[in-house]
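Okay, structure first, notes after.
None of the figures in this text is laboratory data; all of them are computed from the coordinates on show. In this text the structure is predicted, and so the values were computed from the model without any measurement. Methodologically, a virtual Cβ is constructed for each residue, glycine included, from the backbone with ideal geometry; neighbour enumeration extends over all protein chains shown.
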Amino acid sequence: MPNVLQTYSQIAAKERRAIIQRAFLNSLPVMMGYLTMGFAAGVLMASKGNVPCPAFWAGLCGIGFISGTLSFVIVPAIAANQGYWQIALLSLAINFRYAFYGISLVAKWKDFPFFQKLFLIHSLADEIFALHVACKIKNPLKNRYYCLWNGFLNASYWVTGTTLGGLAGSELPIPTRGIEFTMTALFLVIFTDQVKDFIAKRKKDLR
Amino acid sequence: MTERVLYLFGAVAVGSLVTFGLRALPFVIARLTRKDSACFSNRAGAVISPIVIFALILYAYKDLELATPWPYIAGVITIALQIWKGKAILSIIAGTIFYMAVIANAGCVTVNELEYDANKPLLRFTNKGIMFKEMAVTPAEAIELLEKNNVPKDKTLHILVDADYTDKRAPWVFQRNYLARNGWTRSILVHSRKWETESKLQKEQNKGRTTSSRMDAPDKL
C-alpha cells in the first residue's frame, strides 16, 4: 500500500481544503436524509429487533451494510431468528441493484490503491454513488480524494443515525407502536418514484 | 444469550458479505475480463428493481395491523404526498406519524378483542395433539395460525397442558423451538390441575352464572 498521506500531499493544502469543503457541502442534503432514515432504522431495531443493546446492533448493521433498505428489512428477519441462507437471499434480492452501480465507475477507479478502492466499494450506497458520478473533478488524484471524503462523510451520517436511533429507541420512552410503518413507507416512496420515472420516460419516448 | 449474540453477528456478517459482493461484482468482472467496463447492460437494473421493491412492499405490509383500514390509508397518504411533493423524507415521516397516531388509540381492534389469560388459553396440549381453539393442529400449523391471527408477540401466551397429557417434553420443546424461534418469547405452560382450581375460584366468584365447558377457547379471534 502506497503512503496515502504522501500521495495526497501532492495536492496543495488549500486545494485539499476546498475539496473537503465541496464534499461536505454536497453531502448536506444526504445528511438530512441519512440521519433521519438511519434514526428510524435504529428505533425499529430497538423496538422490533428483539436484540440486547440495540444501539450496538443498529450501528453494526449501519457499518456493515451502509444500505438503508437492508438495515430495515433485516430487523424482522433477525427478530424471527431466520436462517443465514434466508438472510443471504433477502440481501441478494434487496441489494441486487448495487451490482450495476460499479459499472460506470470501473474505468474511473481503475488505478485506485487496493484498500481505498475496497472502502469506496463498501460504501457504494445509492446517494453516495450518485454523488460519485456527479463529481466533475477531472484530475484522478483529486477525484479520488473527493470520492474518499464523500464516501466517508455520508457513511458516517448513516452510522451515526442508526446508532442514535438504537440508543433513543431503547433508552427513551418514545411510543414505538406502529414505527414499523417507516419501512413500508420507504418502499412505497421508492416504488412511487420508479413509476413516476417510468411514466415520464414513456411520455418522452412517445413525443 | 451467547447463542443469540453469535447468531446476530453471523446474520450481520452474511448481510454485509452479500452486499459487498454485489457492489464489488462489476470490478471483479472487469478485472477478470481485463476490460474497463463490464459487458452487461445497465438496463437489467432498471427492470428488476421495481419488481423487487413491489415484493418488499408486500413483505413490509405483512407485519402491519391488516385487520384495520389504517395501513392502507397511511399507504395512500404516503404515495399521494410523494406524487404531490416528491420529497421522500416528508412522505415517509408524515405517513409513519399518521399510522403511529391512529394505531396507538383506535387501531388495535385485533389486539383488544383477544384475551390472553390463563382461563382462556389459545393453545392446549391434549392427547389428541395440539389444539388451537377446537382444531387439532401440528406445531407448524399452530405457529401459522398465531401468525395469521396477528397474536401479538409482546404479550404473554398461556398454553394449557391437560393433566393426563403424558409427554412431559413436548410442550416445552414446542415453547422453545416453535414459539420462541418465531418471536413469541413470553409463554407460560399452565397445567390443568392448577388451572382447574383457578377456574373453580372464579366460578365461586360469579355464582349463579353458569359457565360453559372449561375448555372454552376465546370466542372472538
Report summary line: Taking Cα atoms only, helix A:13-48 is inclined relative to the longest principal axis of chain A by an angle, in degrees rounded to 10, of 10 degrees
Query raised in the report: Considering only Cα-Cα distances, which of the following residue pairs are longer than 32 Å: A:K14/A:K117; A:K48/A:K117; A:K136/A:K203; A:K117/A:K204; A:K136/B:K85?
Result: A:K48/A:K117; A:K117/A:K204
Report summary line: Relative contact order of the range A:69-172 (C-alpha contacts under 8 Å, at least 6 apart) in percent is 22 percent
Query raised in the report: Helix A:68-79 versus the longest principal axis of chain A: what angle, 0 to 90°, nearest 10, using Cα atoms?
Result: 30 degrees
Query raised in the report: For the Cα atoms of chain A, what angle does the longest principal axis make with the long axis of helix A:140-171, in degrees from 0 to 90, nearest 10?
Result: 20 degrees
Report task. Compute the distance in nm between two label points, each set 7 Å from the Cα along the Cα-to-Cβ direction, one at A:A134 and one at B:T185. Result -> 4.1 nm
Report task. Work out, step by step, the length gained on full extension between A:E171 and A:R202: first 0.36 nm times the residue separation, then minus their alpha carbon distance; give nm to one decimal. Result -> 6.3 nm
Query raised in the report: What percent do you get for the relative contact order of chain A when only Cα pairs under 8 Å and 6+ apart count?
Result: 40 percent
Query - Least to most buried among A:V189, B:V52 (fewest other Cβ within 10 Å first) - result: B:V52, A:V189
